[in-house]
Amino acid sequence: NAGVTQTPKFRVLKTGQSMTLLCAQDMNHEYMYWYRQDPGMGLRLIHYSVGEGTTAKGEVPDGYNVSRLKKQNFLLGLESAAPSQTSVYFCASSYGVMYSNQPQHFGDGTRLSIL
Amino acid sequence: GNSVTQMEGPVTLSEEAFLTINCTYTATGYPSLFWYVQYPGEGLQLLLKATKADDKGSNKGFEATYRKETTSFHLEKGSVQVSDSAVYFCALSDRQRDDKIIFGKGTRLHILP
């Protein structure tokens, strides 16, 4: 009964380093999302996917890339980390567009600090 | 485009006080409305939802009514507890807009014992 699992939970990077955040869901959801949460800004959508093999840009996509090679996994990559990317990152998943009355399910977040 | 506006926090109340967190929305279609709650160190979790006008969502003593005429979905609880301290997000989902959920900026609630 895991739901949405994010790894790692914490990470500290130096400016210019790269890393990948992994999100896995076991609910057979079609849609998956990556958000960042910053103080006073609420949740901002980075990228999302409406199915295996698809990705789309959200509100703040610059500096990030994503991949959805398997339906259950959604990866968020930072190619060259910048201090402005210090944030808490949340992954979420949901059923597809025909189920807009269904909520998103969230992971517990990854706290990322860029020095 | 669609948007959600909720009252800014933090909101500080004493235990057993009455709570209202205001939320209004703008949508071109017929959205579903949600309240999510985020406890410290955790992700968001669904608190309640309403999918059509005049529906009332309720859970854990919280209630919110979908008011189409005032485009509002205010969150209320009659008697708050210290354990209700969290950040509350109002959100909408519109089938006509690719099912991306639009979140408000969140309202932090502090309950004093």
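Every number in this text was worked out from the coordinates using simple rules, so none of it is lab data. This one's a predicted model, so the numbers in the text were calculated from it and none came from an experiment. Cβ placement follows ideal geometry from the backbone for every residue including glycine, while neighbour counts extend to all protein chains displayed.
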Listed with the fewest Cβ neighbours within 10 Å leading, B:Ser83, A:Ser113 appear as B:Ser83, A:Ser113
All alpha-carbon distances of the protein assembly as shown, grouped into 10 Å bins from 0, give the whole-percent distribution 8, 33, 35, 20, 5, 0
Scoring only Lys, Arg, Asp and Glu (+1, +1, -1, -1) among other residues with Cβ under 11 Å from the Cβ of A:Glu59 yields +3
For the stretch B:27-113, the Debye formula with one identical point scatterer on each Cα and no solvent gives log10 I(q)/I(0) at q = 0.25 Å⁻¹ as -1.31
Here the percent of antiparallel bridges among DSSP beta bridges lying wholly in chain B, to the nearest 5, is 90 percent
Treating only Lys and Arg (+1) and Asp and Glu (-1) as charged, each at its beta carbon, one finds that the stretch A:1-89 has a dipole about its Cα centre, in Debye to the nearest 20, of 180 debye
Mean-square fluctuation maximum in Gaussian network of chain B, Cα pairs under 10 Å, restricted to B:Ala86, B:Ala17, B:Ala64, hits B:Ala17
Partner shielding of B:5-18, as the mean number of partner chain Cβ atoms within 10 Å, equals 0
Whole-Hz Karplus couplings 3J(HN,Hα) for the stretch A:70-87, θ = phi - 60° and coefficients 6.51, -1.76, 1.60, Gly and Pro as x, run 10, 4, 8, 10, 9, 9, 10, x, 10, 6, 9, 5, 10, x, 5, 8, 4, 5
Magnitude of the Cβ-charge dipole (Lys and Arg +1, Asp and Glu -1) of the protein assembly as shown about the Cα centre, nearest 20 debye, reported as 420 debye
Shielding of A:31-41 by other chains, given as the mean Cβ count within 10 Å, works out to 2
In debye to the nearest 20, the charge dipole size for chain B, taken about the Cα centre with +1 at each Lys and Arg Cβ and -1 at each Asp and Glu Cβ, equals 280 debye
Counted neighbours (other Cβ, 10 Å), sorted fewest up, put A:Tyr33, B:Tyr30, B:Tyr66 in the order B:Tyr30, B:Tyr66, A:Tyr33
Checked chain A with the C-alpha gyration tensor, a ≥ b ≥ c its square-rooted eigenvalues, rounded below a/c of 1.5, otherwise prolate if a/b is larger than b/c and oblate if not; verdict prolate
